[in-house]
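Report on the following structure.
The values are calculated or read from the model by the stated rules, or taken from the named source; none is laboratory data. Only a predicted model underlies this, so the values are computations on that prediction, with no experimental measurement involved. Neighbour counts run over all protein chains shown; Cβ positions are idealised from the backbone, glycine included.
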2 protein chains.
Amino acid sequence: MAKAKQRLSKRTYQARARVLRAQLVQLQLELKQAPFKVLLILAGPEGAGRGNLLNTLAEWLDPRGVETFSYHAPTDNERAHPHQWRFWRSLPGIGRIGLYAGSWYTETLREEARSARALHHIAEESERIRHFEKLLADGGTLIVKVWLHLSKSAQGRRLRTLRADPATAWRVTEEDWQHHRNYDRLDRTARLIREKTHRHGARWTVIDAEDERTRDLRVGQLLLAQFRRQQQRFARLKQPTGRTAVEPLRPSGLRRLHALPLDQDLSEKDYDSLREKWLGRLSRAVRATLAADRSIVLAFEGWDAAGKGGAIRRLTSAIDPRDYRVIPVAKPTPEEKHAHYLWRFWRDIPRNGRMTIFDRSWYGRVLVERLEGFCRPEEWRRAFAEINDFERELTDHGTIVLKFWLHVSHAEQLRRFRERESTPHKRHKMNEEDWRNRRKRGAYEIAVGDMLALTDTANAPWRLVPADNKRFARLEVLRSASRHLEAALEV
Amino acid sequence: MAKAKQRLSKRTYQARARVLRAQLVQLQLELKQAPFKVLLILAGPEGAGRGNLLNTLAEWLDPRGVETFSYHAPTDNERAHPHQWRFWRSLPGIGRIGLYAGSWYTETLREEARSARALHHIAEESERIRHFEKLLADGGTLIVKVWLHLSKSAQGRRLRTLRADPATAWRVTEEDWQHHRNYDRLDRTARLIREKTHRHGARWTVIDAEDERTRDLRVGQLLLAQFRRQQQRFARLKQPTGRTAVEPLRPSGLRRLHALPLDQDLSEKDYDSLREKWLGRLSRAVRATLAADRSIVLAFEGWDAAGKGGAIRRLTSAIDPRDYRVIPVAKPTPEEKHAHYLWRFWRDIPRNGRMTIFDRSWYGRVLVERLEGFCRPEEWRRAFAEINDFERELTDHGTIVLKFWLHVSHAEQLRRFRERESTPHKRHKMNEEDWRNRRKRGAYEIAVGDMLALTDTANAPWRLVPADNKRFARLEVLRSASRHLEAALEV
């Protein structure tokens, strides 16, 4: 059996810890002003001392800038949402440090890489984690991942020492011994996961955990070093340059938009009877979907004054108010602006058996943010794939996702703008921005075209709704939604 | 059978709605700047049209300033928290309107006032609601409560008319007919609840719901009128006047504080062995408590540099990191400042089987906020009872609540301040405010004394911890916590 390694003397440890603590306090001061957050993920076998390390870090750092996370098995409520939901909702804010004693790795790390089937599952989960961490890292988050290495013999020594002293024996549980017996298999799983999730922006660092003092110092120093590197990365980053000429990425979407006929006609009488018919059908489809414990996400996008609000109100008039929420998406609040652009949408994702209707959505990233230069070109370009991943997470969970683009002609929009301006109770809906956006119709059409071409997926399709005729548009939304739900239920 | 009442003509309705909508839009503009929020609670029998009314209001109001609520039966996660938790966490922000199609009334309104037992339960729930609404109203929230009255015969007519038309028959469910049959009993319950919860700041208004047009207009007008009255109330309100002379409300607490001996001694060796012993005992007690699906709330208060952080870290070293969260309580963020002072603490209340440790707490209301004049005298005076109610809600649910006051002498505090200032990694813990608070020791002692005298309840007691000797204090916290949990489990 290998011998225990040399321990760092208490005196040397204290001297080094003093220097490190002052540096960490300085780090936190700078982080508070920095445009990013830090996630420190701690993983390792039982006895590697995640708990103690967490306590040491809590002592070294100013607790007001730190959040600590550790996850139990998911609760019923968490299981009723897509897998990533619980991690999204607890991400720390910008300028803060998240310490993860448990994380999105915890569940997968418990599996044993024995069968081909288990290996396949581990590979799949690792791939999900890669995507999630890429998204965060691309969004500017610093992800520091530490594997606390403890050899099997060192683990055994630690457990036996604790057990030998009556004052500390309570710290050793039967589960610890079980992990010790399974050390090799768990270690193989962990290696595999680390290999598959070691990537630029989210690298693993293995730190020997046998000597607690050395371990604590090295984790602190790693955090410092990676923080400095992240600062340099941000210093080199160019700020968004504002508006640029808009070129389509994929012209087919624009052609599809222009090919949409807008001259539908529908009498009030026909509308009234058809509306009740389709409301009934939608009501049944929604109730059946929710009763099957599935969730529904509808996203409404469209030109200003295209009638999104009216279409949503007709649709919800068929649904039990307890079952749905309408989320009007306005400019982000300061808190939201500091988070990843998808964060606020994750927050409102419905649980199984519920429905969320977004009045405007995450597509703002590739529409207004692209055109107004609120994000850098590489950011909105990346967003198409990120959005497809996001919607895939939802539909993989079983959520039904449908997106509407309400399309009005330039002339009809003008008529509605003027009507709004001359109606006292509608005037508040109009402002200078609406007129400004209207003048940029050409550029917006290109962005809408790219959106349709790049995010119209089989699992989360777009429905283009001709909306010059309000009655027709409202009916079309009811019809599309009913049919989509009915089809999804039959699969 | 009574005849249907005269309907308002469409033409008159539209003319009045136009005026009302312009006024409501104006209301929302003013509300955005106002220091309060508005809750509009809608209740009434099936068929009274809460859903339709909600849709109309959604059309009239600017959706960006409105949140709509409606509650299903509580989820597992909600049941694992104290009853009020789900209502607290979804309260709208200041300057916004919350529309409640379902509310804290919904469950109780479903009961039938038949047996003495049911009557007793209804009375109890009504009392809870009174307290909750008093708290909100006292905190400045405008609560508008509408009972949509629909007679039994009008309800029957409405259901039959809908059923007769194939296009609308789907709107009538078996549940609706059942409610119709039970009309009288449900109506008696509703009357009882309304009587018991009709109070200043949260009055019920009964509005006839038979004619939908009249109903919608009257609800809109009621909202307007009550909003204006609330504005006038706030205009008359004096701003906090800043510091005032501090007089004790109840001198017994101050005497208790002064009587605490602070000259404990404890060698490092004795401490080490006692610590491990008590950590083991605490670990067992915590695990047993959480395994019994109960939750634990510990609150730490004390003088600056009294050693709260250190005591908390020793305590948590015995607990599985997945089971607890430490919440450091700093100055409220802008979002928190705009909410009720208890809101941010409700947010972090643990679910069953979990533990939250507050490093500083809701007692800031009667300490720093009282002394620095951040709230009006009537506000901090009211807070003692509000806090007792709050803690009672927790312990009624089964949560174990324990509060620590860490007491250091004026001289020992000075020694620690100086040591902090001369240690590089501790310097960030000190600022001018700490010195300022120190100079006000006398006034703070009075506030602490009142706190001890007025909020040391049997269900949520205070433990006074002598903390001049850090080791003694840490041990004392472990001992008190262990014993309190053990005693609570035996009951």
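Scanning the stretch A:148-176 for residues that are closer than 17 Å to A:Asn52 by Cα, assigned to a helix (DSSP H, G or I), within 14 Å of another protein chain (Cβ to nearest Cβ) and over 36 Å from the mean Cα position of the chain (by Cα) yields A:Thr161, A:Leu162, A:Ala169, A:Trp170, A:Arg171. For the stretch A:318-363, which residues satisfy the criterion of being surrounded by fewer than 17 Cβ atoms within 10 Å (Cβ to Cβ) and either free of Cβ contacts under 8 Å to residues at least 24 places away in the same chain or facing chain B (nearest Cβ under 8 Å) (or both)? Matches in the stretch A:318-363: A:Arg322, A:Ala330, A:Lys331, A:Pro332, A:Thr333, A:Pro334, A:Glu335, A:Glu336, A:Lys337, A:Asp348. Each residue in the stretch A:364-384 was checked for being buried (at least 20 other Cβ atoms within 10 Å of the Cβ) and among the basic types (Lys, Arg), and 2 pass.
Here A:Glu111, A:Glu124 are screened, and the one residue that is without any contact (Cβ under 8 Å) to a residue 12 or more places away in the chain and acidic (Asp, Glu) is A:Glu124. Taking helices (runs of 4 or more DSSP H) as the structural unit, those lying wholly within the stretch B:306-419 and holding at least 2 residues that are of a type in the set (Val, Ile, Thr) and either within 30 Å of B:Leu282 (Cβ to Cβ) or outside the structural domain of B:Ile296 (by TED's automatic domain parsing) (or both) correspond to B:308-316, B:377-397. Search the stretch B:435-457 for residues being within 16 Å of B:Leu406 (Cβ to Cβ) and among the acidic types (Asp, Glu), and hand back the single one that is surrounded by the most Cβ atoms within 10 Å (Cβ to Cβ). The extreme case among them is B:Glu445.
Here the stretch A:461-491 is the region considered, the condition is being over 16 Å from A:Leu406 (Cα atoms) and of a type in the set (A, V, I, L, M), and the residue that is surrounded by the most Cβ atoms within 10 Å (Cβ to Cβ) is A:Leu485. Could you identify the single residue in B:Ala22, B:Ala80 that is in the same structural domain as B:Ala154 (by TED's automatic domain parsing), surrounded by fewer than 19 Cβ atoms within 10 Å (Cβ to Cβ) and of a type in the set (A, V, I, L, M, F, W, C)? The unique qualifying residue is B:Ala22. Applying the condition of being in a loop (DSSP other than H, G, I, E, B) and in contact with a Ser or Thr (Cβ under 6 Å, 6 or more places away or on another chain) to the stretch B:72-110 and asking which residue is nearest to the other protein chains (Cβ to nearest Cβ) yields B:Ala101. The residue that is farthest from A:Arg64 (Cα to Cα), counting only those in the stretch B:409-450 that are of a type in the set (Val, Ile, Thr) and under 32 Å from the mean Cα position of the chain (by Cα), is B:Ile446.
Considering only residues that are part of a helix (DSSP H, G or I) and of a type in the set (Gly, Ala, Ser), look in the stretch A:4-44 and name the one that is nearest to the other protein chains (Cβ to nearest Cβ). The extreme case among them is A:Ala22. For the stretch B:219-233, taking the residues that are surrounded by 17 or more Cβ atoms within 10 Å (Cβ to Cβ) and in contact with a strand residue (DSSP E or B) (Cβ under 8 Å, 6 or more places away or on another chain), the one that is nearest to B:Gly373 (Cα to Cα) is identified as B:Gln230. Is it the case that the stretch B:60-69 has a residue that's more than 27 Å from B:Ile193 (Cβ to Cβ), in a loop (DSSP other than H, G, I, E, B) and without any contact (Cβ under 8 Å) to a residue 24 or more places away in the chain? No; the residues of the stretch B:60-69 include none that is more than 27 Å from B:Ile193 (Cβ to Cβ), in a loop (DSSP other than H, G, I, E, B) and without any contact (Cβ under 8 Å) to a residue 24 or more places away in the chain. Could you please let me know if A:Glu59 is surrounded by fewer than 17 Cβ atoms within 10 Å (Cβ to Cβ), modelled with pLDDT under 90 and either under 22 Å from the mean Cα position of the chain (by Cα) or within 14 Å of chain B (Cβ to nearest Cβ) (or both)? The answer is yes for A:Glu59. Of all residues in the stretch A:234-286, those satisfying the criterion of being free of Cβ contacts under 8 Å to residues at least 12 places away in the same chain and surrounded by 15 or more Cβ atoms within 10 Å (Cβ to Cβ) are A:Glu276, A:Lys277, A:Arg284. Residues that are under 30 Å from B:Ala118 (Cα atoms) and modelled with pLDDT of 95 or more number at least 3 in the following helices (runs of 4 or more DSSP H) confined to the stretch B:177-288: B:183-196. Every condition in (1) within 19 Å of the chain's Cα centre (by Cα); (2) under 21 Å from A:Asn352 (Cβ atoms) is met by A:Arg130 except one, and the failing one is (2). Number of residues in the stretch A:290-317 that are within 14 Å of another protein chain (Cβ to nearest Cβ), of a type in the set (Val, Ile, Thr), under 26 Å from the mean Cα position of the chain (by Cα) and farther than 14 Å from A:Arg360 by Cα equals 0. Hey, among the residues in the stretch B:301-317 that are under 21 Å from B:Trp435 (Cα atoms) and touching a strand residue (DSSP E or B) at 6+ places or on another chain (Cβ under 9 Å), which one's surrounded by the fewest Cβ atoms within 10 Å (Cβ to Cβ)? Among them, the one singled out is B:Gly309.
Residues are listed down the side, and each one gets a yes or a no for (1) surrounded by fewer than 19 Cβ atoms within 10 Å (Cβ to Cβ); (2) in contact with a Cys (Cβ under 8 Å, 6 or more places away or on another chain); (3) touching a residue at least 24 places away in the same chain (Cβ under 8 Å); (4) closer than 30 Å to B:Ala291 by Cβ:
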| position | (1), (2), (3), (4) |
| --- | --- |
| B:Glu386 | no, no, yes, no |
| B:Asp389 | yes, no, yes, yes |
| B:Asp396 | yes, no, yes, yes |
| B:Val408 | no, no, yes, no |
| B:Arg418 | yes, no, no, no |
| B:Asn459 | yes, no, yes, yes |
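For the stretch A:118-147, filtering for residues that are farther than 29 Å from A:His180 by Cα and part of a helix (DSSP H, G or I) leaves 8. Annotation note: Cβ proximity below 6 Å between a residue of the stretch A:199-222 that is free of Cβ contacts under 8 Å to residues at least 12 places away in the same chain and a residue that is crowded, with 17+ Cβ neighbours inside 10 Å and aliphatic (A, V, I, L, M) (sequence gap 6+ or interchain) occurs for A:Arg218/A:Ile207.
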